[in-house]
Structures are given as structure tokens and as C-alpha cells.
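Visitor: I am attaching a structure below and will ask some questions about it afterwards.
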Amino acid sequence: MDLAAQLIQQGRDHGVPGYVHYRELCGLGRISHFSSLNGTMGEDVITALQQLYEYVICRLMQSKINDPSQPTVLHLYYRVLK
């Protein structure tokens, strides 16, 4: 894990709010879709984020697609945290 990812995770562990929270505090509004980021980020960054999230979601849901009787990684992760 790189340093930036480790620092972000430590912040989450300590309850530091994420980007969406601070975006709202600055009056930029809620994010409901990637197009909500227009005007605050470059189009290339928005496209890269969208591709990354699509990849991650696809990977996390892959076990459900391959074998519907098996829980997804997200379900297992939620059970551990619960």
C-alpha cells in the first residue's frame, strides 16, 4: 500500500469525513453522478475515476456473477465489519 492510501485509510479509521462531506461544506453540492464533478475537476480526471470505479465494482461483484449462490466480496466485508 502506498503512503497516500495508508493516510486515507487512517483518516477513515479515525472517522475523518471524506471528499463528499467537505464538498458539501464548501457549497459545491452533493454528488449523485460523475457528471456532478464537472466544473470542479478536469474531464480527464472524471473519466479516470469513472473507469476506476467501474473496474472495482465489476471485480467486487464478480463472484456473484460467476456463482449466484456465493456471497460477493462486499457481503463478506460487511459481515466482518458488522
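The values are calculated or read from the model by the stated rules, or taken from the named source; none is laboratory data. For clarity, every value in this text was computed on a predicted model and none was experimentally measured. Here the Cβ is made from the backbone with ideal geometry for all residues, glycine too, and neighbour counts use every protein chain on show.
Visitor: Kindly list, by first and then second residue, each pair from a residue in segment 1-21 that is free of Cβ contacts under 8 Å to residues at least 12 places away in the same chain to a residue that is surrounded by 10 or more Cβ atoms within 10 Å (Cβ to Cβ), limited to pairs with Cβ atoms under 6 Å and residues at least 6 apart or on different chains.
Guide: Val20/Ile31
Visitor: Within segment 25-82, can you find the residues that are at pLDDT 80 or above and over 16 Å from the mean Cα position of the chain (by Cα)?
Guide: Once the filter is applied, which keeps residues that are at pLDDT 80 or above and over 16 Å from the mean Cα position of the chain (by Cα), segment 25-82 yields Leu25, Cys26, Gly27, Leu28, Gly29, Asn38, Gly39, Thr40, Met41, Gly42, Glu43, Asp44.
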